[in-house]
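These notes are about the structure you will find just below.
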């Protein structure tokens, strides 16, 4: 299953995206996230991605980006003062790193 947020993916629309993720994540299910339709991101979305990945790993679900993670998304932790946050790696899946790093 692919989740493909559209338009601005910011704190104002995260509730809808969170609900979609919760419905989609299930043991043994692979979920991909496509970023191409997103017009902008904020630090709340980065946090949601990290929390969703941790939750998926605990469930036994997996996930990966559907395409390379955009540079503008990768830059958000530094811009928000969260330089120590782990970075998503484009083209990797949870199977590549079962510890979720």
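Only residues that are over 18 Å from residue 78 (Cα atoms) and either in contact (Cβ under 8 Å) with a residue 60 or more places away in the chain or under 11 Å from the mean Cα position of the chain (by Cα) (or both) were counted in region 36-50, giving 0. Per this entry, residue 78 is counted among residues that are in a helix (DSSP H, G or I), over 11 Å from the mean Cα position of the chain (by Cα) and at pLDDT below 85. Can you find even one residue in region 27-41 that is surrounded by fewer than 15 Cβ atoms within 10 Å (Cβ to Cβ), touching a helix residue (DSSP H, G or I) at 6+ places or on another chain (Cβ under 7 Å) and over 14 Å from residue 70 (Cα atoms)? Looking through region 27-41, at least one residue is surrounded by fewer than 15 Cβ atoms within 10 Å (Cβ to Cβ), touching a helix residue (DSSP H, G or I) at 6+ places or on another chain (Cβ under 7 Å) and over 14 Å from residue 70 (Cα atoms). Applying the set (1) surrounded by 15 or more Cβ atoms within 10 Å (Cβ to Cβ); (2) in contact (Cβ under 8 Å) with a residue 12 or more places away in the chain; (3) under 21 Å from residue 78 (Cβ atoms) to residue 21 leaves exactly one unmet item: (3).
Going by the conditions given, is residue 15 more than 21 Å from residue 79 (Cα to Cα), outside any loop (DSSP other than H, G, I, E, B) and without any contact (Cβ under 8 Å) to a residue 12 or more places away in the chain? Outline the logic, then answer.
On the way: more than 21 Å from residue 79 (Cα to Cα): yes; outside any loop (DSSP other than H, G, I, E, B): yes; without any contact (Cβ under 8 Å) to a residue 12 or more places away in the chain: yes.
When the stated conditions are applied, residue 15 passes them.
The values are calculated or read from the model by the stated rules, or taken from the named source; none is laboratory data. What you are looking at is a predicted structure, and each value in this text was computed from that prediction instead of being measured. We place every Cβ from the backbone using ideal geometry, glycine too, and count neighbours over all the protein chains shown.
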